[in-house]
1. With everything on Cα atoms, drop me the angle between helix 225-248 and the longest principal axis of the chain, reported from 0 to 90° to the nearest 10.
2. Determine how large the accessible area of R331 is when every protein chain is in place; take a 1.4 Å probe and give Å² rounded to the nearest 10.
3. For segment 72-175, state which trypsin sites (Lys or Arg not before Pro) are in a DSSP loop and have at most 12 other beta carbons lying within 10 Å of their beta carbon.
4. Taking every Cα atom in the chain, find the radius of gyration and the maximum pairwise distance Dmax, and write them in Å.
5. Ratio of alpha-carbon Rg to the 2.2 N^0.38 Å globular estimate for segment 10-101, to two decimals, please.
6. Given labels modelled 7 Å from the Cα in the Cβ direction, how far is it in nm from C41 to R145?
7. Starting from the residue with the highest accessible area, list V53, V127 in decreasing order, probe 1.4 Å.
8. Mind giving me the nanometre distance, one decimal, between the label points for R229 and D130, set 7 Å out from Cα along Cα→Cβ?
Amino acid sequence: MQHKVSVIVPVYKTEKYILQCARSVFGQTYSNLEIIFVDDCSPDSSVEVVREVLGCFPQRKEQVKFIRLERNGGVDHARRQGCFASEGEYLMFLDSDDFLEPQAVEKLMAMALETGADMTVCRYQRVFADGRTELSPLRDEVSDRERYLRNMVAMNGSSASPNLVNKLFRADLLKKIEVLPAGNIAEDWLICVQAAHKAERIAFLDEPLYNYTMREDSATHASTIEECRRTAREDRANIDLVIGYLESKGLADGFRHEIDARKFIAKGSFSRFCDDPVLHQEWKDVYKEINGRILFNPCLSWYNRKMFILNWFRLTSKYYSMTGAVRRLFRKNESHAL
């Protein structure tokens with residue numbers, strides 16, 4: 001008999017995207033599912049769209065739960081409520097503006113059972129509004145549990161992605177989570193670090209089974225100064241929680257480079273405003289204790305170090321203007337050559 005897998009879908013203002021999301025989860029080839037839609041007080045017709053789609057999948061009707069929250073608490077709160085209501089032996093998370101490949105659950109479950117993994121990770125692809133797709137990075141660190149954890153802490157763009165959504169978890173693994181997120185920035189990362197630390201075995205499936213929709217209005221995209229300040233505050237709060245967690249496990253000293261690399265990412269909230277003298281100083285002051293260590297951090301790429309230098313001397317805008325002009329010149333020359 002198949003193990004039951006609970007798929008938790010937080011819903012908030014995604015009526016433009018949720019049709020594809022609902023079809024993808026209802027159309028899974030894996031049969032023993034529990035699908036939980038958590039309505040985080042969405043003001044639009046997202047939930048009604050899901051109910052309409054469900055009518056086309058009568059075999060899923062008894063497997064679907066709808067939970068309506070009393071107040072809007074954000075995606076992390078909605079996911080937790082879904083976890084409390086779930087009955088599956090395994091858990092997956094699906095954002096309501098994203099979608100799964102038809103065999104996603106089946107293939108992840110097969111890998112989990114074959115390897116005995118507590119946490120099974122697949123590749124994902126970013127899907128842009130113009131139809132372009134971009135595949136997530138692939139490295140071999142999943143076979144090395146400590147290396148995977150280190151890359152997760154550093155959040156360095158490897159296949160140790162700081163997202164809950166491209167992973168299948170044993171339900172009892174998530175029940176061991178000790179520290180809950182503060183706010184809705186980097187909340188996935190905080191949970192993933194703890195899960196990666198507690199998992200006895202992690203498996204990786206080299207196949208893009210999760211599709212991540214790139215939205216300009218996403219909660220993770222800050223466009224104004226005040227939004228950047230809020231993002232930075234919430235990000236720092238969760239970084240401090242991870243540092244506290246690692247300290248409680250006696251790991252913090254051995255993860256100094258990874259922690260500094262993650263703090264460097266937190267500074268990025270202000271990097272686009274570094275032309276402004278006041279905000280440039282704010283950028284310098286975010287985790288200012290790492291400024292003298294960034295250029296020598298082995299967890300940071302040369303690109304990261306280059307951008308740090310450009311930001312430090314307030315040359316970022318000039319750099320992008322120059323490289324943009326060079327690219328336009330090359331395109332112009334190529335078109336003339338044709």
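1. 70 degrees
2. Probe radius 1.4 Å; accessible area of R331 about 140 Å².
3. Those that pass, being in a loop and sparsely packed, are R132, K175.
4. 21.2, 64
5. It is 0.99.
6. With each label placed 7 Å out from Cα toward Cβ, I get 4.1 nm.
7. Numbers: V53 10, V127 30 Å².
Order by accessible area, largest first: V127, V53.
8. Label at R229, label at D130, 3.5 nm between them.
The values are calculated or read from the model by the stated rules, or taken from the named source; none is laboratory data. Just so it is clear, the structure is predicted and the values come from calculations on it, not from any experiment. Please note: Cβ atoms are built from the backbone with ideal geometry, for glycine as well, and neighbour counts cover all protein chains shown. Please note that ligands, DNA and RNA were not included when accessible areas were found on the heavy atoms of the full protein model with its side chains. Shrake-Rupley method; radii C 1.70, N 1.55, O 1.52, S 1.80 Å.
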